[in-house]
Every structure is written in structure tokens, then in C-alpha cells.
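Participant: Structure incoming, see below.
What follows is calculated from the coordinates using simple rules that are stated; it is not laboratory data. What you see is a predicted model, and the numbers here were worked out from it, not measured in a lab. All Cβ positions, even for glycine, are placed from backbone atoms using ideal geometry, and neighbour counts span all protein chains on display.
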Amino acid sequence: MSRIVLATWGSLGDLHPYIAVARGLLTRGHDVSIATCAVYRPKVEGEGIPFHPCGPDLGRLLDDPEALRRAYDEKTGTEYVIRRIVMPGIEESYHDLLAACTGADLIVGHPIVYAVPPVAEKLRIPWLSVALQPAFFFSTYDPPYFPRAAWLYRLRHFRWPFALVFALAKRQAGGWAEPVLELRRRAGLPPPQANPVLEGSFSPSGTLAWFSSLLGGPQPDWPPLTRQTGFPFYDRLDPGRGLSASLEAFLHGGEPPVVFTLGSSAVTNAGDFYAQSLSAVRTLGCRAVFLTGLDGVNRLPGPLPDSVAIADYAPYSELLPRASAIVHQGGIGTTAQALRSGRPMLVVPFSHDQPDNARRCVRLGVARLVPRGSYTGARAAAELRTLLSDAGYASRAAAAGRTVAGEDGVAAACEAIAAALR
């Protein structure tokens, strides 16, 4: 029996795939634990998975409205998260992970857990890197969308502009990695052969692409030894918790509703998204479900019509297939579930990988896109009217749903991890 540590950091979209794979590895007889933010301890241990806290704790970010605002800025949010939240906690992350991985046979690490490579080297343990979305690969053959250089996306069929931009980005990100370099010096480790923020996030032992080929298939410039598995799905807020009785009754009592959600992270910086969405619902006269987050009880003005239901959270696998359309932020976890549901979607991306995920869904013909700054009740109503009246969106979404549902991301990920152990 092998001892495996899965290390991750971020929102539920970053945690849930690791819970899914951990459960799969446990059923195969491995000794598996998850190292992540302390705020997730009850959730992980509730699934019978051993837990190790690994800083920096996300709970501190959730209590800081200004930090949340800056973290979800479309153009600078990713830089802020890396340089102002993750990197200042690299020492804490390293020592937490060092304790968690002592005696382990393999580490499987999220790309933003920059302590994984130095810990693996210090303990002489092999490790695998994970990409949860295509944008992480920075492929010149299948380039991501950059909000800071939106004009560049029109040139995505040419490789040379992106090769140039990626080279410039690597130079700029060189300074971001200084805390990791300093950590390595103190730990007595040699300088890395690649920038720890970019190429250094890929393991020489292999990388797992935990997303469907529908979003992006293998490219010649993906890291060597990359294996694409499909999405590993898990969507419970608490173990065993499904749809509430009230939400189940609402779904049973009328036409399929439009579901509005901002996932588990963008919802903390929702702005007027829910108020504008309610305006769109009233214009369309449709039924709707609003998932407003655990602290979102005041995000919708009342009283609300009987055609609207509100919930803090609901398992997407149970709710989204019963929707007529889905309006969401484009996070990879939400996007994966929306694709599997086979329902058309309207994507309102906030930051990080969301703008790129949104455009990939648009290219698939299953979604329409509204920039966050342009999202109004009138615009949302017009876009939803198109989605619901054009049978092509429903047909393409259903086909995509069949493809994603036919993939077994958990089994493929577990097989790839077992192969690395061998």
C-alpha cells in the first residue's frame, strides 16, 4: 500500500477534484491524505480522508473584503493572489507540507502550491503536477485568453505572437519567484532549472491534465509525460448532503429554471450580479434558482416572486441537469459541471482562468459570453433569450454533456498515479 499526499490550495473548484481523486485512491487501497487550507478540514475529514493543514489559510482572505476585490480584478487578480497572498506564505506552506509528506511515496500537487517541488526534493520523493484547466499550459498552439492583452486573442491562429508574449511574461514573472528561490537557499537546495511560477510548476515525473479534451486537447508544447484524464467530479458541500427538500419541491413544481451561480469564490465579490440577474428574470418571466453562497442571504432584494428559489449551495450534479440554462462565472469546477449537465450557458467571467474557460465554451457553441463590466439585466435577458430560443445551443450542449459524462476522470487519474508509483 502506497502513501500519497495530495496538495492543493484555492476555492472549492481547486479542492473538489482532489477529494474526488483521493476517494478513488482510497477505494483502491492506497493510504491517501490531503494537504490544504485549514478551513477545509471538516469537509475533507468528513469524507474519511486524513487531513494536513497547509498554509496560507484561505480563511484569512475570506475575511478581507479589499483583498477579495483585488483578487478578482480581471487584469491583475492573478498577480495579486500569487505575489501578495501565496508567496508571503511560502515558508509556512513549505514547513506544513514537509511535515505532511514525511514518509510519503508520492506527492500530487496543485500548480499554485509552490512548496511542492522543494519539499519533494528535500525528502527525495517523486511528485506529479496537475493542471486543472488548459490555460495553465501556456501553449502557443492553443493559447489562452489574456484580459491584459485582449487584442492578442484575435491572433490565436498564429504561434509567433504568443511565443513573444510568453517570453516577456516569463521575464516579468522572474521576480515573482524570489520568495521560492530564497526558501530553497535556506533549505540547502540548489537553484531550480526553471522559473518556479511557470515551467518549474511542472514535474519531471509527469503532469496530469484533469480536464476534458473538449476544453483543450494535447498540444506539442505541453510538458513531457502529460496525461489527460478528464474532469474528476465531486460536488458535495458536506458529505451526504444533496438538494434541500425545498429546492427539490421547487424544481418539481414547474418548468426547468435558469440557474444563476458564481461558484464558491467569485460569489464573495459578487457586486450587483444577483440584482441584475433578478432584473433579467423578471424581464423574461422565467423561473430561476439563485445560488448565493454561504453568506449571501442579503444579495437579493425581497420580496421575491414565487418563480424564484434561493439556496446557499446545491450539488451541481443534481441541480444543473434540471435547468433550462446556466449563468455562471466560468470557474473550472463550475464549467466542468455545466458541460456535463448538457445545458447551454451564459458565462460572466471574473478573473484568473475564467475568461479563458468562457471563450473555450463559446468556441464549442454551447455558451454565450458577457464581460463582467457589461452584465446588466437587459443584456442578460437578451442573451438568455437567444440561448433558450436557438435550438442549436441546446443540441450542442447536449452533445458536449454526453462526451463529458462518458469520461471517467477519477479512474483515469488514479491509473496515472498508480503508473507513477510503479
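Participant: Which is farthest toward the positive dipole end of the chain among 328, 116, 104, measuring Cα position about the Cα centre, with Cβ charges +1 (Lys, Arg) and -1 (Asp, Glu)?
Facilitator: Projecting each Cα onto the dipole axis, the largest value belongs to 328.
Participant: Just from its helices, what would the mean residue ellipticity at 222 nm be for the chain, if runs of 4 or more DSSP H residues each count -39500 (n - 2.57) and the sum is divided by every residue, rounded to the nearest 500 deg cm²/dmol? Before the final figure, lay out the partial values.
Facilitator: On the way: 17 runs with 167 residues, N = 422.
Roughly -11500 deg cm²/dmol at 222 nm, from the helical runs in the chain.
Participant: In debye, nearest 20: dipole of region 80-166 around its Cα centre with unit charges on the Cβ of K, R (+) and D, E (-)? Write down the numbers at each step before the final one.
Facilitator: Details: 8 positive and 6 negative charges, 111 e Å.
With only Lys, Arg, Asp and Glu charged at Cβ, the dipole is about 540 debye.
Participant: Might you report the magnitude of the Cβ-based charge dipole of region 29-145 about its Cα centre, with Lys and Arg at +1 and Asp and Glu at -1, to the nearest 20 debye? Walk me through the numbers on the way to the answer.
Facilitator: Numbers: 10 positive and 16 negative charges, 32 e Å.
Computed charge dipole of region 29-145: roughly 160 debye.
Participant: Ranked highest first by the average count of other Cβ atoms within 10 Å around their residues, in what order do 31-43, 401-413 fall? Show your work: numbers first, answer last.
Facilitator: Details: 31-43: 20.6, 401-413: 18.5.
Result, highest mean Cβ count within 10 Å first: 31-43, 401-413.
Participant: I would also like to ask the following. Got the relative contact order for the chain handy, in percent, Cα pairs under 8 Å and 6 or more residues apart? Intermediate values should be presented prior to the final figure.
Facilitator: Values: 792 pairs, mean separation 68.3, N = 422.
Value for the chain: 16 percent.
Participant: To the nearest 20 debye, what is the magnitude of the charge dipole of the chain about its Cα centre, counting +1 on the Cβ of each Lys and Arg and -1 on the Cβ of each Asp and Glu?
Facilitator: Values: 41 positive and 37 negative charges, 210 e Å.
Dipole of the chain, to the nearest 20 debye: 1020 debye.
Participant: Please compute, over every Cα-Cα pair in region 245-405, the percentage with a separation greater than 21 angstrom.
Facilitator: Numbers: 4962 of 12880 pairs.
The calculated P(r) of region 245-405 puts 39 percent of pairs beyond 21 Å.
Participant: A follow-up question, please. How many angstrom lie between the C-alpha centres of region 391-413 and region 87-105?
Facilitator: Going from one Cα centre to the other spans 37 Å.
Participant: Would you mind calculating the relative contact order of region 293-388 from Cα pairs under 8 angstrom and at least 6 residues apart, reporting the percent as a whole number? Don't skip to the end; give the middle numbers.
Facilitator: Details: 116 pairs, mean separation 21.0, N = 96.
That works out to 22 percent.
Participant: Sort 239-252, 209-222, 138-151 by the packing proxy (mean of other Cβ within 10 Å over each peptide's residues), most packed first.
Facilitator: Most protected by this proxy first, the peptides run 209-222, 138-151, 239-252.
Participant: Still on this structure, I have one more. Classify region 1-148 from the C-alpha gyration tensor, please: rounded if a/c falls under 1.5, else prolate or oblate depending on whether a/b exceeds b/c. It would help to have the intermediate numbers written out before the result.
Facilitator: On the way: a/c = 1.67, a/b = 1.43, b/c = 1.17.
Note, shape of region 1-148 comes out prolate.
Participant: Hey, what D do you get for the chain in µm²/s if you plug the Kirkwood alpha-carbon radius into Stokes-Einstein at 25 °C and 0.890 mPa s? Walk me through the intermediate numbers first.
Facilitator: Values: Rh = 22.0 Å.
It diffuses with D of about 112 µm²/s by this estimate.
Participant: Let me ask something else about it. Need one number: nm distance between label points at residue 69 and residue 390, each 7 Å from Cα along Cα→Cβ, rounded to one decimal.
Facilitator: Each label point lies 7 Å from its Cα, and together they span 3.6 nm.
Participant: Then there is this: Of 381, 131, 163, which has the largest mean-square fluctuation in a 10 Å C-alpha GNM of the chain?
Facilitator: 163
Participant: When the chain is modelled as a GNM with alpha-carbon springs shorter than 10 Å, which of 333, 285, 293 fluctuates the most?
Facilitator: Highest fluctuation among the options: 285.
Participant: Something else now. Over region 217-342, what is the mean sequence separation of C-alpha contacts under 8 Å (at least six apart), divided by residue count, expressed as relative contact order in percent? Could the numbers behind the result be given before it?
Facilitator: Details: 146 pairs, mean separation 39.8, N = 126.
Once divided by the residue count of region 217-342, the mean separation gives 32 percent.
Participant: Would you tally the net charge around residue 377, using a Cβ to Cβ cut-off of less than 10 Å, leaving residue 377 out, and scoring K and R as +1, D and E as -1?
Facilitator: So the surrounding residues net to +1.
Participant: Principal axis lengths of region 181-338 from Cα atoms, whole Å, largest first?
Facilitator: Principal extents (Cα only, largest first): 63, 32, 32 Å.
Participant: Let me ask another. Could you give the Stokes-Einstein D for region 353-422 in µm² per second, using the C-alpha Kirkwood radius, 20 °C, 1.002 mPa s? Don't jump to the answer; show the numbers that get you there.
Facilitator: On the way: Rh = 14.7 Å.
In µm²/s, the coefficient is 146.
Participant: Still on this structure, please answer the following. Taking a quarter of the surface of the convex hull around the Cα atoms of region 1-61, what do you get in nm²?
Facilitator: Working: hull surface 14.4 nm².
Mean projected area for region 1-61: 3.6 nm², to one decimal.
Participant: Please list log₁₀ I(q)/I(0) at q = 0.17, 0.23 Å⁻¹ for region 27-114, using the Debye equation with identical point scatterers on the alpha-carbon positions.
Facilitator: With one equal scatterer per Cα and no solvent, log10 I(q)/I(0) is -0.79, -1.18.
Participant: Would you please put 113-125, 76-88 in order of how densely packed they are, using the mean number of other Cβ atoms within 10 angstrom per residue and starting with the highest?
Facilitator: On the way: 113-125: 22.0, 76-88: 17.6.
Ranked from most to least packed, the peptides come out as 113-125, 76-88.
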